[in-house]
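Okay, so here's the structure we're looking at.
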Amino acid sequence: MFLKFPENFTWGVATAAAQIEGGAYEDGRGLSIWDVFAGIPGAIKNGGRPDKACDSYHLVERDVEMLRELGVNSYRFSFSWSRILPDGTGKVNEAGIAYYRKLIELLKKNGIKPNATMYHWDLPYQLQLQGGFGNREIVKWFTEYAKVLLDNFGDDVDFWVTFNEPIATYVGYGAGFFAPGLHNEKYARQALHHLLLCHGEAVKLFRSYNFKIAKIGIVVDIWRHYPGRPGNAEDEKMARVSNEIRGYGMFLHPLFLGGYSKDLLAYFEENDLMPKTEEGDFETIKQPLDFYGLNFYNGLIDNAEKMREMQKARKEGGNYQDRPESHPEALLDVLHMLVDKYHLDIPIYITENGLPYDDNEGKEANLQDDRRIDYVKSVLHFAHRAVEEGINLRGYYLWSLMDNFEWSAGYCARYGLYYTEYETEERIPKKSAKWYSEVTRANGFEE
Ligand code: NOJ
């Protein structure tokens, strides 16, 4: 059966600055926390570094050519804060502005709508030295940065995203396996509170411009956990903690319902983790948004017993799908939850979805990536069903345009539609690139 998507459906692919740009030491760019973190022995799998990545700083024409080949009508990328403001605040780096101007112009010339994230995990190192997100001053620093972006690119960007997956800051400050590599949950909780304030202030600032085209939202990933043995107290608790205390609940509640959830407050109390807040903070955080960006990768079934075994055998590197099961049907449930539990009445975009191949599988297997095609089809099946069930789902962005720097997993996890030859920076279309280009052109696919 052919699954046709609504007219004007957005079809895109996504990337992020630190993962593709490289050019880390060029034209006045400052260091980011990931440049420094990558220098810690053992922090990144196989010692991968983001210095050169996919060299998109020099290969932007080729990137846009690929977008054209794919037939996408939108491209999701992120700005590198330290390329724009090398010290995080103060002097603007004109070469950085010029780089993004060129990218945006090329996109527009080709009818591809820019979807740009202000912050995708790469804090300027200079700001980390002053406490980073742990310092409430970050709200001013971020607003200054947002102003530079909006002054320069405002209505040239169709979709503005304040933050991508804020949970990365929790991981980086609390669990240590992302930059900046700290292990202090109290600090992490405070950092997340400040991050949410940054978001709120940026949205307020955005509204003051009265843009005609540009819209603004946030991207929060949802890995919904389900108890493996319903009724089993340990499994139920595990799923609830993963969802409410360590997962999407810590963001969606303050963003859309206001304040922290009862579960989260109780957890803060019990563990002496209550973040410092000021009057008015929760009003600032809960700004009306124009859209919500959902990064959806999988649903997860928590079986406490099995998890204990898995933990022992856990791979190095983080944040990529390391559970064998695949639960695309969770997408439908997650979308309904956004509407029913968090009362979202704004357009929703799937801002990321994809499947990694391991570099060890070899180039040939990576190029013949049927597993990826099958997985994306299974997710799109439920996306289509969601639209039929009345969910205001407006688009889908596949992660990623090309294989790139997968954070702590370095270059070992390949998510691209294009295979990146890191030696030569050649990008080779995989089987999935051809398939996806047919989907975008037909606005649907044959199941
Ligand atoms: C989430 C992140 O936004 C992106 O940076 C990452 O590469 C993908 N998921 C895959 O893990």
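Here, each number is a calculation from the coordinates, and none is a lab measurement. Note that the coordinates shown come from a computational prediction; the quantities given were computed from them, not determined experimentally. In this analysis, Cβ positions are derived from the backbone assuming ideal geometry, glycine residues included, and neighbour counts consider all displayed protein chains.
Need the C-alpha centroid separation for segment 173-206 versus segment 48-94, integer Å.
For segment 173-206 versus segment 48-94, the Cα centre distance is 23 Å.
Is it possible to state the helix-based mean residue ellipticity at 222 nm for the chain, with each DSSP H run of 4+ residues giving -39500 (n - 2.57), the sum divided by total residues, to the nearest 500 deg cm²/dmol? What is it?
The helix-only estimate for the chain comes to -11000 deg cm²/dmol at 222 nm.
Grab every C-alpha pair in segment 25-165, bin the distances at 5 angstrom width from 0 up to the longest one, and report whole percents.
Over segment 25-165, the share of Cα pairs per 5 Å bin runs 2, 9, 18, 21, 20, 15, 9, 4, 1 percent.
Give me, ordered by chain and number, the residues 5 or more places off LYS113 or on other chains with an amide H under 5 Å from its own placed amide H.
SER74, TYR75
Just want the answer: with Cβ charges of +1 for Lys and Arg and -1 for Asp and Glu, which residue in HIS381, ALA43, TRP160 is farthest toward the dipole's positive end in the chain?
Comparing the listed Cα positions along the dipole, TRP160 ranks first.
Place the peptides 8-17, 130-139 in order of packing, highest mean first, counting for every residue the other Cβ atoms within 10 Å and averaging per peptide.
In decreasing order of mean packing, 8-17, 130-139 become 8-17, 130-139.
Rounded to two decimals, what is Rg over Rh for the chain when you use alpha-carbon atoms and the Kirkwood radius?
0.93
Could you calculate the FRET efficiency of ALA98 with LYS212 from 1/(1 + (r/R0)^6), where r is the beta carbon distance between them and R0 is 30 Å, rounded to 0.05?
For ALA98 and LYS212, the calculated efficiency is 0.80.
Using only alpha carbon pairs under 8 Å that are at least six residues apart, calculate the relative contact order of segment 46-199 and give it in whole percent.
22 percent
Any idea what the relative contact order of segment 232-294 is, in percent, if you count C-alpha pairs under 8 Å spaced at least 6 apart?
28 percent
On a 21 Å Cα-Cα criterion, which of the cross-link pairs LYS140/LYS276; LYS377/LYS431; LYS4/LYS109; LYS212/LYS341; LYS91/LYS140 come out too long?
In this structure, LYS4/LYS109; LYS212/LYS341 lie more than 21 Å apart at Cα.
From the Cα trace of segment 235-280, what convex hull volume per residue do you get, rounded to a whole Å³?
Value for segment 235-280: 75 Å³ per residue.
Within 10 Å of each residue's Cβ, count the other Cβ atoms and sort PHE142, PHE178 from fewest upward.
In increasing order of surrounding Cβ atoms, one gets PHE178, PHE142.
With unit charges on the beta carbons (Lys and Arg positive, Asp and Glu negative) and the dipole taken about the Cα centre of the chain, which residue among CYS412, GLN128, ILE218 sits farthest to the positive side?
Result: ILE218.
Short version: ³J(HN,Hα) in whole Hz for each residue of segment 156-173, in order, from phi by Karplus 6.51 cos²θ - 1.76 cosθ + 1.60 (θ = phi - 60°), x for Gly and Pro, what are they?
7, 10, 6, 10, 9, 10, 5, 10, 9, 6, x, 4, 4, 6, 5, 5, x, 9
Over all directions, the average projected area of the alpha-carbon convex hull for segment 317-447 comes to how many nm²?
Quarter of the Cα hull surface area: 8.8 nm².
Could you give the length gained by full extension between GLU305 and LYS186, i.e. 0.36 nm per residue of separation minus their alpha carbon distance, to one decimal place?
Stretched out fully, the GLU305 to LYS186 stretch lengthens by 40.0 nm.
Expressed in whole Å with the largest first, what are the equivalent ellipsoid semi-axes of segment 357-419 derived from the C-alpha gyration tensor as the square root of 5 times each eigenvalue?
The three semi-axes for segment 357-419 are 28, 13, 8 Å.
Neighbouring Cβ atoms within 10 Å as the yardstick, rank ARG229, ARG372 fewest first.
ARG229, ARG372
Using the 10 angstrom Cβ neighbour count as an exposure proxy, how do VAL157, VAL36 rank, fewest first?
Sorted ascending by nearby Cβ count, the order is VAL36, VAL157.
What list of ³J(HN,Hα) values in whole Hz, one per residue of segment 130-139 in order, does the Karplus curve 6.51 cos²θ - 1.76 cosθ + 1.60 (θ = phi - 60°) give from phi, with Gly and Pro shown as x?
My calculation for segment 130-139 gives 9, x, x, 5, x, 9, 4, 4, 4, 5 Hz in order.
Relative to the Cα centre, what is the charge dipole magnitude of the chain, using +1 at the beta carbon of each Lys and Arg, -1 at the beta carbon of each Asp and Glu, and rounding to the nearest 20 debye?
That gives a dipole near 380 debye.
Determine the gain in length on full extension of the stretch ASP374-GLU361; use 0.36 nm per residue of separation and subtract their C-alpha separation, reporting nm with one decimal.
Full extension of this stretch gives 2.9 nm more.
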